[in-house]
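Colleague: Got a structure for you, questions after.
The values are calculated or read from the model by the stated rules, or taken from the named source; none is laboratory data. Quick caveat: nothing in here was measured; it's all calculated off a predicted structure. Cβ: placed from backbone, ideal geometry, glycine included. Neighbour counts: every protein chain shown.
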Amino acid sequence: MPAPALITLIVGDEELLVDRAVAAVVASAREEDPEVDVHDLVPSQVGPTTLVEVTSPSLFGDRRVVVLRSSQDLVKDLAATVTDYLGSPADDVFMVLTHAGGAKGKALLQAAVKAGARRVDCKGPTKGPERVAFVKGEFSSAGRQITGDAAQALVDAVGTELREIAAACTQLIADTEGRVDAAAVARYHSGRAEASGFTVADRAVEGRLPEALEQLRWSLAVGTAPVLINSALAGAVRGIAVAAQPPRGVNEAELAKRAKVPPWKLRTLRQQARGWSAAGVTRAMAVIAETDALIKGAGRDPEYALERAVIEIARARGTR
């Protein structure tokens, strides 16, 4: 794996692909130095002195990875500070900027390009055939094969959310052998076990903790993959984030697109969003990120990690 560039610019709004691109930079840096420090920041965590602190020369020559997510949302003064840094980056810091790719914050994007940043585009599939191709790519990356009709059946069963499609692929790859056909997809996605993950998520964001835990235990008992359940939790909290504080002037169709739900589900989201604050949503998203890491190898007990996540998310509702 080649060493990461001093500056990496990740452009796009598909969260899964952005997360993977960031993870690839971190993995590359850790291959060179397993003890490398990683600072993964969102705009709300970046203050006037933050950038100085995380990019100042190390007394011991330690290398660092500094990730600035959603850089298009940085306020003007902080964006200017980042732009100045890009003109003379530290040689012991791997800087990673993620940018949605729109007009907002375009000057910072252009500054990164001018500074010679390595650009990674993260545009997700938007059409059915593109999602089927994504499924085939997931299997190919794992050294496996899936038939065309099976890939289409998986997309039909899971929906359009890319993270959920990827999680379903991970489950099938882990639990099957050889070439995956449509019959194998049907066995895993007949609807009952899959739907339970979303039921867990709904009960958790509604603050109905006993029911959420009961559904979680049932879902795990029937064999639903932990990664699918956490993906459902992530989708539910993301929907709450959009419904709880909708931007002014945004129509229903655009809100549904941002929440990644069909328009008819916005009414349910609004009901679920009652009692949620920005602080609560931030806490819930942090829990989901932690749980994702624990499920994928950082922890020893994925089921315990999920139970803790459900408890923390239910408690986050009402946080001020």
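Listed here are the residues, each with its yes/no results for (1) assigned to a helix (DSSP H, G or I); (2) touching a Phe, Trp or Tyr at 6+ places or on another chain (Cβ under 8 Å); (3) surrounded by 14 or more Cβ atoms within 10 Å (Cβ to Cβ); (4) not assigned by TED's automatic domain parsing to the domain that holds Glu15.
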| site | (1), (2), (3), (4) |
| --- | --- |
| Leu266 | yes, no, yes, yes |
| Gln271 | yes, no, no, yes |
| Thr282 | yes, no, yes, yes |
| Ile288 | yes, no, yes, yes |
| Arg300 | no, no, no, yes |
| Tyr304 | yes, no, no, yes |
| Arg308 | yes, no, yes, yes |
| Glu312 | yes, no, yes, yes |
| Arg315 | yes, no, yes, yes |
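Colleague: Then there is this: Kindly indicate whether any position in the range 238-251 is in contact with a Gly (Cβ under 9 Å, 6 or more places away or on another chain), of a type outside the set (Gly, Ala, Ser), outside the structural domain of Ala166 (by TED's automatic domain parsing) and not in a loop (DSSP other than H, G, I, E, B).
Modeller: Going residue by residue through the range 238-251, those that are in contact with a Gly (Cβ under 9 Å, 6 or more places away or on another chain) are 240, 244.
Checking the rest, the ones that are also of a type outside the set (Gly, Ala, Ser) come to 240.
Subset that is outside the structural domain of Ala166 (by TED's automatic domain parsing): 240.
Of the ones still in play, those that are also not in a loop (DSSP other than H, G, I, E, B) are 240.
Scanning the range 238-251 turns up at least one residue that is in contact with a Gly (Cβ under 9 Å, 6 or more places away or on another chain), of a type outside the set (Gly, Ala, Ser), outside the structural domain of Ala166 (by TED's automatic domain parsing) and not in a loop (DSSP other than H, G, I, E, B).
Colleague: If I ask for residues that are in a helix (DSSP H, G or I) and under 15 Å from Tyr188 (Cβ atoms), which ones from the range 153-168 would you list?
Modeller: Step one: filter the range 153-168 for residues in a helix (DSSP H, G or I), giving 153-158, 162-168.
Selection gives Ala153, Leu154, Val155, Asp156, Ala157, Val158, Glu164, Ile165, Ala166, Ala167, Ala168.
Colleague: From (1) under 27 Å from Val237 (Cα atoms); (2) surrounded by 19 or more Cβ atoms within 10 Å (Cβ to Cβ); (3) outside the structural domain of Ala293 (by TED's automatic domain parsing), pick out the condition that doesn't hold for Val200.
Modeller: (3)
Colleague: Within the range 45-66, how many residues turn out to be touching a residue at least 40 places away in the same chain (Cβ under 8 Å) and closer than 19 Å to Lys104 by Cα?
Modeller: Within the range 45-66, residues that are touching a residue at least 40 places away in the same chain (Cβ under 8 Å) and closer than 19 Å to Lys104 by Cα number 0.
Colleague: Right, here's the next one. Given the criteria in contact (Cβ under 8 Å) with a residue 40 or more places away in the chain, outside any helix (DSSP H, G or I) and either assigned by TED's automatic domain parsing to the domain that holds Ala24 or at positive phi (or both), does Gly143 qualify?
Modeller: Taking the combined requirement at face value, the residue does not satisfy it.
Colleague: To continue, here is another question. Output the number of residues of the range 169-180 satisfying the condition of being crowded, with 16+ Cβ neighbours inside 10 Å and modelled with pLDDT of 85 or more.
Modeller: Kept after step one, since they are crowded, with 16+ Cβ neighbours inside 10 Å, are these residues of the range 169-180: 169-173, 176, 180.
Of the ones still in play, those that are also modelled with pLDDT of 85 or more are 169-170, 172-173, 176, 180.
The number of residues fulfilling the criteria is 6.
Colleague: Scan (1) assigned to a helix (DSSP H, G or I); (2) at pLDDT 85 or above; (3) not polar (S, T, N, Q) for the single condition Trp276 breaks and write down its number.
Modeller: Of the numbered conditions (1) assigned to a helix (DSSP H, G or I); (2) at pLDDT 85 or above; (3) not polar (S, T, N, Q), the odd one out for Trp276 is (1).
Colleague: Enumerate the pairs (first residue in the range 271-292 and closer than 14 Å to Asp202 by Cβ; second residue anywhere and among the acidic types (Asp, Glu) and not in a helix (DSSP H, G or I)) with beta-carbon separation below 7 Å, excluding pairs fewer than 6 apart on the same chain, so at least 6 apart or on different chains.
Modeller: Hits for this filter: Gln272/Glu206.
Colleague: Would it be correct to say that Thr8 is crowded, with 17+ Cβ neighbours inside 10 Å, of a type in the set (Ser, Thr, Tyr) and in contact with a helix residue (DSSP H, G or I) (Cβ under 9 Å, 6 or more places away or on another chain)?
Modeller: Numbers: crowded, with 17+ Cβ neighbours inside 10 Å: yes; of a type in the set (Ser, Thr, Tyr): yes; in contact with a helix residue (DSSP H, G or I) (Cβ under 9 Å, 6 or more places away or on another chain): yes.
For Thr8, the condition - crowded, with 17+ Cβ neighbours inside 10 Å, of a type in the set (Ser, Thr, Tyr) and in contact with a helix residue (DSSP H, G or I) (Cβ under 9 Å, 6 or more places away or on another chain) - is met.
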